[in-house]
1. Please identify the pairs in which a residue from segment 44-70 that is farther than 14 Å from Val30 by Cβ and touching a residue at least 12 places away in the same chain (Cβ under 8 Å) has its Cβ atom under 9 Å from the Cβ atom of a residue that is basic (Lys, Arg) and part of a helix (DSSP H, G or I), counting only partners at least 6 apart or on another chain.
2. When only residues in segment 88-124 that are in a helix (DSSP H, G or I) and buried (at least 18 other Cβ atoms within 10 Å of the Cβ) count, which is nearest to the chain's Cα centre (by Cα)?
3. Can you find, within segment 63-87, the residue that is modelled with the highest pLDDT among those that are surrounded by fewer than 17 Cβ atoms within 10 Å (Cβ to Cβ) and aliphatic (A, V, I, L, M)?
Amino acid sequence: MTYFHVDLDAFFASVEQQDHPDLRGKPVIVGAKPGTRGVVSACSYEARVYGVRSAMPIAEAVRRCPEGIFLPVRMKRYREVSRQIMEIFSSFTPSWIPISIDEATLDMTGTDTLFGSPEAAATTLKKRVKDTFGLTLSIGIAENRYVAKLASEYRKPDGLYRVLPGEEVPFIDTLGLKKLWGIGVKTLNRLTELGWNTPAKIRDIPLRVIQVRLGKATGEFLYRIVRGIDPGIYTTEVKSHSLSQETTFPIDVGDPKILKQTLLDLSHQVMVRLHQESGRSRTVAIKVRYPNFKTRTFRRTLPHSILSAEELFHLGWELFQHNHPLGSEIRLIGIGLEQVETQEEPLQGELFPREYEKQRSVEKAILELQKKHPSLCLKKASLLFPRINSPGS
């Protein structure tokens, strides 16, 4: 088996530098507007030299890199470029999985007769993307998807690294625990407390002992990854993913009217994306961040698919009210759909409230109109009134 894990380097910032050549070689930071309370969505490698990282508060990014060029997120543009690049991936193999807007895993098994060795195929793929879009890829190659993902990070940016069969364990040991995907800060701290601070030490611990100390699922996961065995992070088919939108307020907000309008706006953004990819989901999730930076996520799974933005909004608002003291202030709110799957069969409309079926049809009709007439702007009347928001959040 031969797998590629393909990762577009500093994707958002790289697209901006490609679209605006005068930004090349400069510290580009994509995210919230300076002076607001949002975060960095992405940054160029020139900005990373200053210690700027994604998810960093924008105020900290300004402090570390005052000469940085701060740009708003242009998600529509990034998705457009991503779709075009993914089409190139599909020309290399019919068996590939989009992981996110800037990552994919490709099953390249048996393609040697078409593209040569895995290294040759990866070089060809990198060149095609570079020549067509001016963007660089980092590609990891291995016998399983997990090790390929780790290899894609090994020589970033513009990297290409192959872990040969039988070399998985030495490669894992070279990385150490901190760079193993799936080990978070809490788990890393717990492993340090136990004295299990290297992959080699964990390999010496029986599985049942690891599971007693860390839980069955975590124990199984660790047992596999320190041996370079794929823990099953990706299936052979695209089963599900998530879609979400969030906003950070410039000041803490507790007014239900503002929160409801914000949530309605975000719900429409999420459903547009769902309609665009002809997906479906039964799980709604609400994300809330409080003034003390504590963040909580609430979920609800329905017995049927969520049909429209209105339905998503009502479910989300109900979930928010049930779990959040009304009137208390928050700094961020978000809504999303989880376990999104490709809609392969028609929805059974008779199972759902008729009002949401009609709304779904209207939303899809509007989307088709906007595809044909990009300059056309159709928006729900209740979203036309101003609300507190953070540009670029």
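The values are calculated or read from the model by the stated rules, or taken from the named source; none is laboratory data. Quick caveat, the model's predicted, so the values are computed rather than measured. All Cβ positions, even for glycine, are placed from backbone atoms using ideal geometry, and neighbour counts span all protein chains on display.
1. Note: pairs meeting the criteria are Tyr50/Arg64; Gly51/Arg64.
2. Just the residues of segment 88-124 that are in a helix (DSSP H, G or I), to begin with: 88-92, 112-115, 118-124.
With buried (at least 18 other Cβ atoms within 10 Å of the Cβ) added as a condition, the list becomes 89, 92, 118, 121-122.
Details: Phe89: 18, Phe92: 23, Pro118: 27, Ala121: 26, Ala122: 23 Å.
Ranking the candidates gives Phe89 first.
3. Within segment 63-87, the match that is modelled with the highest pLDDT is Met86.
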